[in-house]
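The values are calculated or read from the model by the stated rules, or taken from the named source; none is laboratory data. These figures come from a predicted structure and were not determined experimentally. Quick reminder, even Gly has a Cβ in these numbers, built from the backbone with ideal geometry, and neighbours come from all protein chains shown.
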Amino acid sequence: MTKSERSKPCSPSVEFDNEQILAFRLQNMSLSAAFPPSGIEEAFGGWVMQNTPPGVWETALHTRMPSLPLPHIEDALCLGKTLIQAWSLRGAPCIFPASERGIFLTALLPEAGEEWIYTRGISGALDHLEMSQEELLPLVEQAALLLEDTVITGKAALDHALAEQVAPLLSPDRRERWYSPSIYGANQTMGEAAVSFLLRPCALKQLVVFGRKQKTSPTFTSLHNWYKDQPVPPSSPEDSIPALVKRYLHCYGPATPQMFADTLGCSLRQARRMWQTVFDLVIPVKTPCGNSYLLEQDRETLTHAAGTLPAPDSPEAIRLLPPHDPYLDARDRTLLLPDSTRQKEIWKITGNPGAILINGQIAGMWKTRKVSSTLQAEAVLWTPFCAAGRQEIENWFIRYASFRGLKLQKTDIVEAL
């Protein structure tokens, strides 16, 4: 039991309902009609946007800033570099304001006895190599110095290049094992597989980031090389960890340390250590999902958040979110979608659809398909929509097709009540 769990009251005196919590999150994640974002960095709502499948983050931004052209979004990442892409939460490619790299990279560094994010699957490779992660990681970090003045195109090419840098540092026996076929997939050596896992720790140490895409392939270099014409001030865990926890609670609160751990993809031990840095700033509260914690400074805003919601039958209440949108990453999914069967349709292992919201609660799903220079769209509604609501969905697909440089060929809106 952590200090916060021991010291905070066991029976919270403050209680919030679904409507308040969802309105609070919509507002803080730049999805509230009453609080539209004024710029790209504000549109992130203080959090990250996942970029798997590739390009989904652009749709997340389009939902929040529909008048922003796609080239402007791409320029912010590749030319102005106000945004940056790196492996971050759960080991996934994430995009966030470059000024916040300490919060979404440095803060995630584990301390002694804590696991690295994403690396649990490396155990098979380590067993085969007869090496510990503590032995291998410094060698991969040394290999990653290649990126200080190099740009590599393609993830497989990156794995190969760094594996080749590590190989001469191994004993002859381990080198032979290093070049043996991977147990994780075809056309890969065991060394390349091991490197692939350890790129996540290298990313958190800012040794590797994504560069400018070459056609459909990602490129990779070091943070220093990507910003070689711009100063990169240092970041420290002492500052970035409490900032990360506060950002999380501001976006997903009320929440618990376990929810925090699940969102980051880190161990509960690490999450609890980080949570302690805001011990004096949180209060216990009760939600429909149980006891949770909230930043005390957000109490007043959350209390009155429902007043910012538009009428549920108005077009302003509707939002279409792409798969893996930050808003959908909440761990108390029952608040967003009470039906446990339909939860499985929204949150899958792969191939998630988009979600249709009415004032923050999921009321349907959507997907699109590109056919040549046209877009085909389908929406499945789980609750009755008025004519204005259906028209708003149609209008969103029209805007989205234009955003992607396509023409909307057809839209199918079906009910599955």
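Take the residues of segment 78-97 that are among the aliphatic types (A, V, I, L, M) and in contact with a helix residue (DSSP H, G or I) (Cβ under 9 Å, 6 or more places away or on another chain): which is farthest from LYS155 (Cα to Cα)? Among those that are among the aliphatic types (A, V, I, L, M) and in contact with a helix residue (DSSP H, G or I) (Cβ under 9 Å, 6 or more places away or on another chain), it is LEU83. Only one of the listed residues (GLU141, GLU164, GLU134) is acidic (Asp, Glu) and more than 28 Å from TYR227 (Cβ to Cβ). That residue is GLU134.
If we keep just the residues of segment 14-34 that are assigned to a loop (DSSP other than H, G, I, E, B) and closer than 24 Å to ARG272 by Cβ, which is modelled with the lowest pLDDT? Checked segment 14-34; the qualifying residue modelled with the lowest pLDDT is VAL14. A single entry from ALA86, ALA112, ALA143 fulfils the requirement of being closer than 27 Å to LEU244 by Cβ, in contact (Cβ under 8 Å) with a residue 40 or more places away in the chain and of a type in the set (A, V, I, L, M, F, W, C): ALA86.
Inspect all residues belonging to segment 117-130 and state whether any of them is of a type in the set (Val, Ile, Thr) and over 30 Å from TRP275 (Cα atoms). No, segment 117-130 has no match at all. If you go through segment 116-144 and keep only what is loosely packed, with under 14 Cβ neighbours inside 10 Å and of a type outside the set (Lys, Arg), you end up with GLY121, SER123, ASP127, GLU130, SER132, GLU134, GLU135, PRO138.
I need the helices (runs of 4 or more DSSP H) fully contained in segment 305-417, keeping only those with at least 3 residues that are over 19 Å from the mean Cα position of the chain (by Cα) and crowded, with 21+ Cβ neighbours inside 10 Å. Those helices (runs of 4 or more DSSP H) span 387-403.
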